[in-house]
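Working notes, beginning with the structure itself.
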Amino acid sequence: MDKVQQFILKNKKIVSLLGAVIVLVLPFIVTNSYYLHICITVCIYIILALSLNLVTGYAGQLVLGHAAFYGIGAYTGALLMLVFHVNFL
C-alpha cells in the first residue's frame, strides 16, 4: 500500500470531513454553470454507485431494479420542480 492509502485508512474521519467541506464549498468556488452541472452529476453518480456497492457488495444481493428506482426518483423530482414548483433541496 502506498502512503496515500495508508493515510486515508488511518484518518477516515478527517478525509470524510474534508470531502464534505469540499462538496459544500464547491458551488461558491465554481462559477461556470456547466462545470457546476458536471460536478453535481458526478456527485449523483457517486451516490448511486455507493448504494449499489452497499447492496451488492456487502449484502451480497443481486439488485435488478436499482436503476429503475433511480429513474423513478429523478422523474418524480423533476415533476415536483416543474409542476408544483417545489425546491430541489
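Taken together, the values in this text are just the output of simple stated rules run on the coordinates, not laboratory data. The structure presented is a predicted model; accordingly, all values stated were derived computationally and were not measured. Glycine gets a Cβ as well: all are built from the backbone with ideal geometry, and neighbour counts include every protein chain shown.
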Quick one: order HIS85, HIS66, HIS37 by neighbouring beta-carbon count within 10 Å, fewest to most.
HIS85, HIS37, HIS66
For SER33 and TYR70, what does the FRET efficiency come to when R0 = 25 Å and r is the distance between their Cβ atoms, rounded to the nearest 0.05?
0.60
Scan [x] 12.7; [y] 15.1; [z] 16.0 for the value of Kirkwood radius over Cα pairs in Å calculated from this model and give just the label.
[z]
So if each residue of separation counts as 0.36 nm, and I subtract the Cα-Cα distance between LEU26 and ILE44, what length gain in nm does that give?
5.0 nm
Give a residue-ordered list of calculated ³J(HN,Hα) values for region 17-28 (Karplus: 6.51 cos²θ - 1.76 cosθ + 1.60, θ = phi - 60°; whole Hz; x for Gly, Pro).
5, 5, x, 5, 5, 5, 5, 6, 8, 4, x, 7
